Structure formats: structure tokens, C-alpha cells
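The values are calculated or read from the model by the stated rules, or taken from the named source; none is laboratory data. Predicted model only: the values in this text are computed from it and were never measured. Note that each Cβ is placed from the backbone with ideal geometry, even for glycine, and that neighbours are counted across all protein chains shown. These accessible areas exclude ligands, DNA and RNA; they are computed on the full protein's heavy atoms, side chains included. Shrake-Rupley method; radii C 1.70, N 1.55, O 1.52, S 1.80 Å.
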Amino acid sequence: MGVLNVTPDSFSDGGAHAGVDDAAAHGLALFAAGADVVDIGGESTRPGAAAVDAAEERRRVVPVVRALRESGAGPISVDTTKAEVAAAALDAGADMVNDVSGLRFDPAMAPLIAQRGVPAVLMHLRGSFGTMHREPRYRDVMAEVAAELREALARAEQAGVRREQTIVDPGLGFAKDAAHTLEVLRRLPELAALGRPVLAGPSRKSFIGRVLDRPARTNDRLYGTAAAVAACVLAGAHMVRVHDVREMMDVARMCDAIRGEAA
């Protein structure tokens, strides 16, 4: 899954693809580099980011979805917690929804996904974007992440979402400090008990900067990201969400070969 942020303030590439033409060109480049899905997001989830209303998020996301679809590219994912934005993106040609709130923020999201019958990523997140990094505490981080993802799956099913539509994401770096995130990575195979495909998003994140002592240099975390992607794939992740698609394709293919799968 290639990352396409159409925001002015995302933690790694904010403002890099803010115009529709530039964003669509980058999306096409991600597909050309080997992305199976491109995930388009119009609201930053980094600590301290300004909240974006649905109208502004639609303005950022929908034209890019439409431009990619008109170019024949896809599948396309929309990264949003708002049902209004998800609906507009699906109408414009998006194929799936990536909700980092695990269907918690907008009660209309699960019914929308059920109605449209599209795949949906349910991510683990505690609190809000503004509070999630304030001293996160766990007694057993992976057991709690798995339990809360089960709750997200139950929310989806109660709204009529078929289980086979769902993908789970442990939310690396979301409401987790570096130690929590590293433990989740070590214990990623435990998510197999949920019986759903696993998406992991380690790309350029702060836990890599903490380990490598590069707190402010997100573009200098390529090799750290490669190591984390390898750990995810070898631990059973079915999909990884990354900025550097071409390089991480090599990592994933090599890991598949080590696992004895087709590279």
C-alpha cells in the first residue's frame, strides 16, 4: 500500500503533493513502482496537527481520487475517519476505506461500509489525534491491542459489515511510544488469532527515529523502515503501508522468498 498524503502538514511528506496534478502524478508513480493499492489521505494524524473539517478533507481528496480513476489506476483506498468523506471518495472511484479510528470516531462509517460492501481497514487507536501521544499506558500492549481490535470487528459486524470485508491494523506508533511499538512488532504473529488479514504501517515513523537517533529527519529513515517492513512481513503481515514503494517492494519480495513463498 503506497502512501499518498494530500495534506500541508503530514509528519513526513506534508505539502509535497498538495496540488491535484502533482498528487495524481505521484499516485501513478507509486503504482508504477509496484504498489498494489494507493492510500489517499487528506487529514494529518501527526501530534499537534490541526483538525480538518469534512468539507476541506473532501476538497483535498476527491479530485485526486477522480484523477487517478480517470487515468485507469487502482485500487484506491481513502484514509479517513469521516463517513461523509469516505462516501464522496467512493463515489469518485475509491475502492476501499482505511479508518484509523477503528470505526470509533463517526457512527455513520460502519453502516456506510456495510451498505457499499467495500473492504475496510480497522486500525487500533486510543483517544483522539490530539491526545493519543500523551503518556500511553498498557499493562500488556499486544493483548490490549488485540482485544480492542476484536471490539472494532464487533462494531463492524453489528452494523452489517461482513467479516470478510475487514482488515486489521495494530496502529504502529498510534497511542504507543517506541517501546510499545517495538513490542507490537515482536508479537505481531499474535494477531493471527483474529482471523483477518493484517496491515502494518511502519514507514518513517517516530519509533524508527527514536531507535536510530533521527528524531527530526523523517526522510533519513529508509533503512530503519526497511528493517521494520521485513519484520512485519516475516511476522505474517499481509500488507505494509509505505512511502518508499520501490525499495520496500524489494524488501517484501525478499522476505517472501525467505518464507518460501513466490517472490
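Scan the stretch 200-259 residue by residue and report those that are at pLDDT 95 or above and of a type in the set (S, T, N, Q).
Answer for the stretch 200-259, where residues must be at pLDDT 95 or above and of a type in the set (S, T, N, Q): Ser203, Thr225.
Going through the stretch 144-165 one residue at a time, which ones are open to solvent by less than 50 Å² (accessible area, probe 1.4 Å) and free of Cβ contacts under 8 Å to residues at least 12 places away in the same chain?
Within the stretch 144-165, Glu144, Ala147, Ala154 qualify.
So which pairs qualify, if the first residue must be in the stretch 106-132 and open to solvent by 50 Å² or more (accessible area, probe 1.4 Å), the second must be among the small types (Gly, Ala, Ser) and assigned to a strand (DSSP E or B), the Cβ gap must be under 9 Å, and the two must be at least 6 apart or on different chains?
Pro119/Ser77
Take Arg253 and decide whether it is among the basic types (Lys, Arg), in contact (Cβ under 8 Å) with a residue 24 or more places away in the chain and either farther than 19 Å from Asp169 by Cα or open to solvent by 50 Å² or more (accessible area, probe 1.4 Å) (or both).
No; evaluated as a whole, the condition is false for this residue.
Could you check the stretch 170-194 and list, in sequence order, the residues that are closer than 24 Å to Thr45 by Cα, of a type outside the set (A, V, I, L, M) and either in a loop (DSSP other than H, G, I, E, B) or open to solvent by less than 10 Å² (accessible area, probe 1.4 Å) (or both)?
Within the stretch 170-194, Pro170, Gly171, Gly173, Phe174, Lys176, Asp177, Thr181 meet the criteria.
Any residue in the stretch 215-232 that is charged (D, E, K, R), within 18 Å of Ala178 (Cα to Cα) and surrounded by 15 or more Cβ atoms within 10 Å (Cβ to Cβ)?
Scanning the stretch 215-232 turns up at least one residue that is charged (D, E, K, R), within 18 Å of Ala178 (Cα to Cα) and surrounded by 15 or more Cβ atoms within 10 Å (Cβ to Cβ).
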